[in-house]
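Chemist: Supplied in structure tokens, the structure appears directly below.
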Amino acid sequence: MATTSVSPLSTFRHRSPIISTPNPFLSLSPIFKTSKISAVHVSTTTTTTMPSSDLPEAQAHPSLEIIGGASESILPVLNATLTRNRYNPFPFFGWNRHVETIYASFFRTRPDVRLRRECLRTKDNGSVALDWVSGDDRQLPPDSPLLILLPGLTGGSGDSYVRHMLVRARSKGWRVVVFNSRGCGDSPVTTPQFYSASFIGDMHEVVEHISSRYPKANLYAVGWSLGANILVRYLGQESHSSPLSGAVSLCNPFNLVIADEDFHKGFNNVYDKALAKSLRNIFKNHALLFEDIGGEYNIPLAANAKSVRDFDQGLTRVSFGFKSVDDYYSNSSSSDTIMHVRIPLLCIQAANDPIAPSRGIPREDIKENPNCLLIVTPKGGHLGWVAGVDAPRGAPWTDPVVMDYLEHLERGALKGITSCSNIVEVEQCTEGLHSLKV
């Protein structure tokens with residue numbers, strides 16, 4: 001692709017963003033693209049907050065762990081989806097989390113979509129790339145619900161899991177845009193700073209920009225892995241000012257200290273090396289910006305990083321003002337902010353995710369937050385979920401669940417139902433939600 005100059009707001013058309021990813025592991029994507037070696041499968045006990053006796057047997061979903069302060073209001077809405085789309089891992093790949101993770105990365109189909117790119121200049125003179133579905137400005141009304149997609153570490157609009165979600169939402173009449181972080185998905189880099197698990201500044205500016213462009217539309221967001229961590233941190237830190245009406249977090253590492261611990265175990269080293277290579281490639285393309293930068297930067301360490309931790313130690317933690325890489329990880333976890341989320345949030349995790357360990361999920365905070373619902377599948381790997389009617393090469397099992405949830409929120413938004421942030425609102429909101437049908 002020819003070099004694109006970045007004005008405060010510039011756009012160009014392209015068939016699909018070019019992602020320089022010779023290694024297929026780049027479509028994985030948490031902050032730590034890590035993967036735990038042990039474990040083949042993990043059985044999960046159901047932890048629904050409403051007794052199974054209160055639901056028809058077909059709706060008990062015994063293979064899923066379902067908890068959260070929003071269980072009583074949202075679970076009845078999703079029952080039809082979960083019953084129709086039971087979680088049955090595809091037999092040849094679901095038996096091992098690494099097999100499922102790698103299969104999805106290599107062999108999942110990637111829908112062909114014509115995209116229009118908008119390069120947005122940020123307040124610090126950085127740049128991010130927004131990829132819109134070409135033609136939607138003419139085809140969709142200005143009040144169409146709008147979905148922002150946040151890929152994972154080194155991910156972008158070319159990744160298969162992003163494309164499948166994009167196509168599904170678009171088929172329902174939603175306007176969709178992919179937010180490519182600095183340097184990802186061929187997004188331009190114009191300052192000596194990339195992105196991090198802790199930094200929500202770009203997310204704030206992107207949401208503000210999109211909201212001002214489509215003031216009549218309800219805004220929603222879906223994030224995967226690192227993108228999910230950034231999204232939940234944003235929702236927690238801007239709980240009283242974000243214009244988003246709802247969000248979904250998928251394969252979120254949540255606790256980055258725990259994720260980092262598991263990242264260096266056994267087979268996870270394969271993910272670590274692959275992700276380090278992709279970070280090196282992004283850095284190499286913009287190395288001139290970091291020449292003679294001085295300070296605490298260790299540019300040779302970042303340029304030759306053998307692990308994600310090396311790259312974060314040499315570059316990321318310095319760029320964002322952390323004393324050490326451990327300081328960066330311990331202060332960048334979305335598990336610390338989820339308790340402050342004030343809009344409807346659905347979190348879907350896999351119990352055997354090698355990169356986003358189940359033990360890092362902030363279950364107690366999710367239980368106590370009336371806006372949150374957590375679904376944990378017994379298998380799925382990382383960004384895999386090779387199950388359901390579209391398995392093995394089609395959309396992840398999560399996609400219809402996510403879309404039904406978002407459409408339910410949009411119907412509620414159109415009826416004036418807001419999020420529940422205290423006990424009185426919970427009672428009112430629950431009554432309103434139960435009146436809606438899927």
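Chemist: Mind counting the residues in the range 392-408 that are assigned to a loop (DSSP other than H, G, I, E, B) and crowded, with 21+ Cβ neighbours inside 10 Å? Quick ask: steps written out before the conclusion?
Modeler: Step one: list which residues in the range 392-408 are assigned to a loop (DSSP other than H, G, I, E, B), which gives 392-397.
Okay, now just the ones that are also crowded, with 21+ Cβ neighbours inside 10 Å, so 395-397.
Here the count works out to 3.
Chemist: Now for a different question. Taking the range 332-350 only, how many residues are under 20 Å from G152 (Cα atoms) and crowded, with 22+ Cβ neighbours inside 10 Å? If you could, list the steps in order and put the result at the bottom.
Modeler: So in the range 332-350, the residues under 20 Å from G152 (Cα atoms) come out as 332-338, 345-350.
Next, only the ones that are crowded, with 22+ Cβ neighbours inside 10 Å stay: 332-335, 338, 345-350.
Residues meeting the conditions: 11.
Chemist: On to the next question. Out of the residues in the range 299-327 that are polar (S, T, N, Q) and not in a helix (DSSP H, G or I), state the one that is nearest to E261 (Cα to Cα). Please lay out each step first, then the result.
Modeler: So the first thing to find is which residues in the range 299-327 are polar (S, T, N, Q), and the list is 304, 307, 313, 316, 319, 324.
From what's left, not in a helix (DSSP H, G or I): 304, 307, 324.
On the way: N304: 22, S307: 13, S324: 16 Å.
Applying the filter and picking the extreme gives S307.
Chemist: Let me ask you something else. Going through R121, R163, R175 one at a time, which residue ends up being touching a Lys or Arg at 6+ places or on another chain (Cβ under 9 Å), basic (K, R), touching a residue at least 24 places away in the same chain (Cβ under 8 Å) and farther than 26 Å from V325 by Cβ?
Modeler: Values: R121 fails: touching a Lys or Arg at 6+ places or on another chain (Cβ under 9 Å); R175 fails: touching a Lys or Arg at 6+ places or on another chain (Cβ under 9 Å).
Criteria check complete, one pass: R163.
Chemist: Moving on to the next point. Is it the case that P151 is within 15 Å of the chain's Cα centre (by Cα) and either under 24 Å from D112 (Cβ atoms) or of a type in the set (G, A, S) (or both)? Give the derivation first.
Modeler: Working: within 15 Å of the chain's Cα centre (by Cα): yes; either under 24 Å from D112 (Cβ atoms) or of a type in the set (G, A, S) (or both): yes.
Judged against the criteria, P151 is a match.
Chemist: Just to check your reading of the model, which residue among D292, D327, D310 is without any contact (Cβ under 8 Å) to a residue 60 or more places away in the chain, of a type outside the set (F, W, Y) and on the phi > 0 side of the Ramachandran plot?
Modeler: Values: D327 fails: on the phi > 0 side of the Ramachandran plot; D310 fails: on the phi > 0 side of the Ramachandran plot.
Answer to the selection: D292.
Chemist: Let me ask another. When N218 is evaluated against the numbered criteria (1) within 17 Å of V177 (Cα to Cα); (2) of a type outside the set (D, E, K, R); (3) at pLDDT below 95, which criterion, by number, is the only one it fails?
Modeler: Here N218 meets the rest and fails (3).
Chemist: Before we move on, is A274 among the aliphatic types (A, V, I, L, M), more than 22 Å from P188 (Cβ to Cβ) and part of a helix (DSSP H, G or I)?
Modeler: Numbers: among the aliphatic types (A, V, I, L, M): yes; more than 22 Å from P188 (Cβ to Cβ): yes; part of a helix (DSSP H, G or I): yes.
Judged against the criteria, A274 is a match.
Chemist: Out of everything in the range 361-410 that is among the polar types (S, T, N, Q) and in contact with a strand residue (DSSP E or B) (Cβ under 7 Å, 6 or more places away or on another chain), what residue ends up being farthest from D112 (Cα to Cα)?
Modeler: Initially, the range 361-410 is screened for residues among the polar types (S, T, N, Q), giving 369, 371, 377, 398.
If we keep only those that are in contact with a strand residue (DSSP E or B) (Cβ under 7 Å, 6 or more places away or on another chain) as well, we get 371, 377, 398.
Working: N371: 35, T377: 29, T398: 20 Å.
Out of the qualifying residues, it is N371.
Chemist: Oh, and also: Which residues, counting only those in the range 60-102, are surrounded by fewer than 22 Cβ atoms within 10 Å (Cβ to Cβ) and in contact with a Gly (Cβ under 7 Å, 6 or more places away or on another chain)?
Modeler: Scanning the range 60-102 gives a single hit, N85.
Chemist: Checking I355 against (1) assigned to a helix (DSSP H, G or I); (2) surrounded by 22 or more Cβ atoms within 10 Å (Cβ to Cβ), which single condition isn't satisfied?
Modeler: In the conditions (1) assigned to a helix (DSSP H, G or I); (2) surrounded by 22 or more Cβ atoms within 10 Å (Cβ to Cβ), I355 misses (1) alone.
Chemist: Residues of the range 191-231 being farther than 30 Å from S105 by Cβ and polar (S, T, N, Q), which ones?
Modeler: T191, S211, S212, N218
Chemist: Return the residue satisfying two criteria in turn: it lies in the range 192-214 and is within 20 Å of L140 (Cα to Cα) and touching a residue at least 60 places away in the same chain (Cβ under 8 Å), and of such residues it is surrounded by the most Cβ atoms within 10 Å (Cβ to Cβ). Break it down stepwise before answering.
Modeler: Here is the first cut: in the range 192-214, the residues within 20 Å of L140 (Cα to Cα) are 207, 209-214.
With touching a residue at least 60 places away in the same chain (Cβ under 8 Å) added as a condition, the list becomes 209-210, 214.
Working: H209: 15, I210: 24, Y214: 17.
It comes out as I210.
Chemist: Mind counting the residues in the range 228-252 that are part of a loop (DSSP other than H, G, I, E, B) and under 10 Å from the mean Cα position of the chain (by Cα)? Walk me through how you get there before you give the answer.
Modeler: Quick first cut of the range 228-252, residues part of a loop (DSSP other than H, G, I, E, B) only: 238-243, 251-252.
Narrowing further to those that are under 10 Å from the mean Cα position of the chain (by Cα): 251-252.
The number of residues fulfilling the criteria is 2.
Chemist: Which of the residues that make up the range 270-308 are among the charged types (D, E, K, R) and either touching a Phe, Trp or Tyr at 6+ places or on another chain (Cβ under 6 Å) or buried (at least 21 other Cβ atoms within 10 Å of the Cβ) (or both)? Outline the logic, then answer.
Modeler: Of the residues in the range 270-308, the ones among the charged types (D, E, K, R) are 272-273, 277, 280, 284, 291-292, 296, 306.
D272 - this is the single residue of the range 270-308 that is among the charged types (D, E, K, R) and either touching a Phe, Trp or Tyr at 6+ places or on another chain (Cβ under 6 Å) or buried (at least 21 other Cβ atoms within 10 Å of the Cβ) (or both).
Chemist: Here is a follow-up. Take the residues in the range 162-185 that are among the charged types (D, E, K, R) and surrounded by 21 or more Cβ atoms within 10 Å (Cβ to Cβ), then tell me which one is nearest to the chain's Cα centre (by Cα).
Modeler: Kept after step one, since they are among the charged types (D, E, K, R), are these residues of the range 162-185: 163, 168, 170, 172, 175, 182.
Of the ones still in play, those that are also surrounded by 21 or more Cβ atoms within 10 Å (Cβ to Cβ) are 163, 175, 182.
Numbers: R163: 13, R175: 18, R182: 16 Å.
Looking at the filtered set, the residue picked out is R163.
Chemist: Follow-up question, since we're still on this one. Please go through the range 358-372 and give me each residue that is among the β-branched types (V, I, T) and not in a loop (DSSP other than H, G, I, E, B), ordered by number.
Modeler: Filtering the range 358-372 down to residues among the β-branched types (V, I, T) leaves 361, 366.
I366, the sole residue that qualifies.
The values are calculated or read from the model by the stated rules, or taken from the named source; none is laboratory data. Because the structure is a prediction, the values reported are computed rather than measured. Don't worry about glycine lacking a Cβ; one is built from the backbone with ideal geometry, like all the others, and counts go over all protein chains shown.
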